[in-house]
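The values are calculated or read from the model by the stated rules, or taken from the named source; none is laboratory data. All values derive from a computational prediction rather than experimental measurement. Reconstructed Cβ throughout: ideal geometry from the backbone, glycine too, with neighbour counts over all protein chains shown. Accessible surface areas use protein heavy atoms only, side chains included; no ligands, DNA or RNA. Shrake-Rupley method; radii C 1.70, N 1.55, O 1.52, S 1.80 Å.
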Amino acid sequence: MEHYKMNLTLRIWRQKNSETKGRFETYKIEDISSEMSFLEMMDVLNEKLIREGQEPVAFDHDCREGICGTCSMFINGRPHGPWHANTTCQLHMRAYQDGDTITVEPWRANAFPVLKDLIVDRSAFDRIIQAGGYISVNTGNAVEANSILVPKDQADSSFAAAACIGCGACVAACKNSSAMLFVSAKVSHLALLPQGYPERKTRALNMIAQMDKEGFGSCTNTQACESVCPKEISMTNIAKLNSEFILAGLSD
Amino acid sequence: MSLTGIFLISFLVVHVGINACIWANDGGGMFNLASHFMATTVVIRIVEVGLFAGLVLHIVQGLVLEVQNRSRRKTGYAVSLGNKGSKWYSRSMGLLGTLLLFFLIMHLSHFWVPSRFTELPSTEINGKEVANQYAEILRVFQNPVVVVLYVLGCISLMYHLLHGFQSAFRTLGVPNGKYISLIKGVGFGFAIIVSLAFAMMPVSVYLGWVS
Ligand code: SF4
Ligand code: FES
């Protein structure tokens, strides 16, 4: 792929803390390589800001290889930027051209309050997991893999759901700020396996109750979540969660 | 939301079926008989109460849902995802539903109120006295403004159903893969065919295709 350099205009949301009002700041940045990742471009910006005696832009990041889910940025109107099934850290600057203007915002949802600049508090997701996203028996050491047989198609569906990295892009994209795709991924992941199956009803009820308590909206099936999810979590999981939830409600 | 939606969908099937009788081209005989049956049968009257209850419930649930969901994001985006992630009508069910509500008020005042609370001129079919609802249709749809409003109402209905039909089944947890593509297909066909059939009724009357 051809290498090129570009000059960009960045409009970035700056906010001191969750109490203060934020606003957009505009920065010019030069000589960005098309081979940089988006976060490396942000690093270049921050080094420049530090050199100039300004406060660097706070943003979440950890693995920088698309598996931890922390790098939440709403870039030009799309969570994680323009590429399909991709995280911000795996977005590369070859997605942009010289002279482009890029607007970067934090996730917007009451349940994800902004802590500083582009960092939001996603502990609501942790509390949803704590409400039931686990198996409450001690499974002990890893046993011989064939001692509990799992049908291949179920193992595959469960694995596909388990790929959710808890990034929150689904919430950020949803007009209702609904967390249904996230919750459904966690519920399906466990309910499809023999170890998670027995507790599936209480799990669905408790996780949905916590989700509502955290102030996420309700799902109206617009599919925006699925279209932006970096791990291509399918909305089929939402239908599965709904049926788990309804069956649990009917049988209790 | 989903249950009341599916209930109202089932009503649309009956409604469109009966109205299609105007195309029998028998001077409204078949249609008047059908609407006479609907207006005078006790069971239907009871079902009608259920229908209004379902409708009111659907409207109230819809408004509450819309208000709640809108309140979940106090600060909006400067650049929004818009149509990049979802269809506009799937995000506009509140708006489409409100348009349908206005349409429905007009529609009920055109046909349901007069037939229920006033004495319509009657006509005789096979020796039976029945209200001439058909003449009402011919009269109301002489006005081009009314025809245009009805067609707009049907367009709102189409988009409302395009999303609502499949969304209702998803909310009820109809799983997975194979069924959802069937439901999407049926929902798409249903939305188009039913709305088109409804829209063609005032149009056919206005253009004199039925008389
Ligand atoms: S479902 Fe997708 S978008 Fe939502 S948290 Fe999981 S990985 Fe992120
Ligand atoms: S930094 Fe871990 S997924 Fe992007």
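Data overview
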{"item": "Extension gain, A:Glu30 back to A:Ser147 (0.36 nm per residue minus Cα-Cα distance, nm)", "result": "36.3 nm"}
{"item": "Chain A, helix-only ellipticity at 222 nm - DSSP H runs n ≥ 4, -39,500 (n - 2.57), divided by all residues, nearest 500", "result": "-10000 deg cm²/dmol"}
{"item": "Rg/Rh ratio calculated on Cα atoms of the stretch A:5-105 (Kirkwood radius)", "result": "0.94"}
{"item": "Where GluC sites (Glu not before Pro) in DSSP loops with at most 14 other Cβ within 10 Å are excluded, longest remaining stretch of chain A", "result": "A:145-231"}
{"item": "Gained length - B:Lys178 relative to B:Asp26, 0.36 nm times residue gap less alpha-carbon distance", "result": "50.3 nm"}
{"item": "For chain A, the longest site-free run once chymotrypsin sites (Phe, Trp or Tyr not before Pro) in DSSP loop states with at most 13 other Cβ atoms within 10 Å are removed", "result": "A:5-133"}
{"item": "Qualifying GluC sites (Glu not before Pro) for the stretch B:44-139 [loop in DSSP, other Cβ within 10 Å: at most 10]", "result": "B:Glu119"}
{"item": "From the C-alpha gyration tensor of the stretch A:123-251, square roots of 5λ in Å", "result": "24, 16, 14"}
{"item": "Among B:Asn83, B:Gln68, B:Gly29 - extreme Cα towards positive end, dipole of the stretch B:27-107, charges at beta-carbon", "result": "B:Asn83"}
{"item": "Alpha-carbon gyration tensor eigenvalues x 5, square-rooted, for the stretch B:65-144, Å", "result": "46, 14, 10"}
{"item": "Calculated P(r) of the stretch A:42-172 - Cα pairs past 26 Å, %", "result": "38 percent"}
{"item": "Sites excluded, trypsin sites (Lys or Arg not before Pro) in DSSP loops with at most 14 other C-beta within 10 Å, longest stretch of chain A", "result": "A:22-252"}
{"item": "All-pairs alpha carbon distance profile, chain A, 5 Å steps from 0, percent", "result": "1, 6, 12, 16, 17, 14, 11, 9, 7, 4, 3, 1, 0"}
{"item": "Heavy-atom SASA rank of B:Ser122, B:Ser35 (probe 1.4 Å, accessible area, largest first)", "result": "B:Ser122, B:Ser35"}
{"item": "Gyration tensor over alpha-carbon atoms, the stretch A:109-185, equivalent ellipsoid semi-axes in Å", "result": "32, 15, 10"}
{"item": "Spread of Cα-to-Cα distances over 5 Å intervals beginning at zero, given as percent, for chain B", "result": "1, 6, 12, 17, 18, 16, 12, 8, 5, 3, 2, 1, 0, 0"}
{"item": "Cα Rg over Rh - the stretch B:94-205, Kirkwood", "result": "1.11"}
{"item": "GNM result for chain A, Cα springs below 10 Å: residue of A:Met42, A:Met211, A:Met180 fluctuating most strongly", "result": "A:Met42"}
{"item": "Residue pairs, from the table A:Lys240/B:Lys84; A:Lys240/B:Lys74; A:Lys152/B:Lys84; A:Lys5/A:Lys231, whose Cα atoms sit over 28 Å apart", "result": "A:Lys240/B:Lys74; A:Lys152/B:Lys84; A:Lys5/A:Lys231"}
{"item": "Solvent-accessible area of B:Thr171 with every protein chain in place, 1.4 Å probe, in Å² to the nearest 10", "result": "50 Å²"}
{"item": "Cα Rg, Dmax (largest Cα-Cα span) when computed across the protein assembly as shown, Å", "result": "27.8, 97"}
{"item": "Full-stretch length increase - B:Met106, B:Arg139 - with 0.36 nm per residue and alpha-carbon distance subtracted", "result": "10.4 nm"}
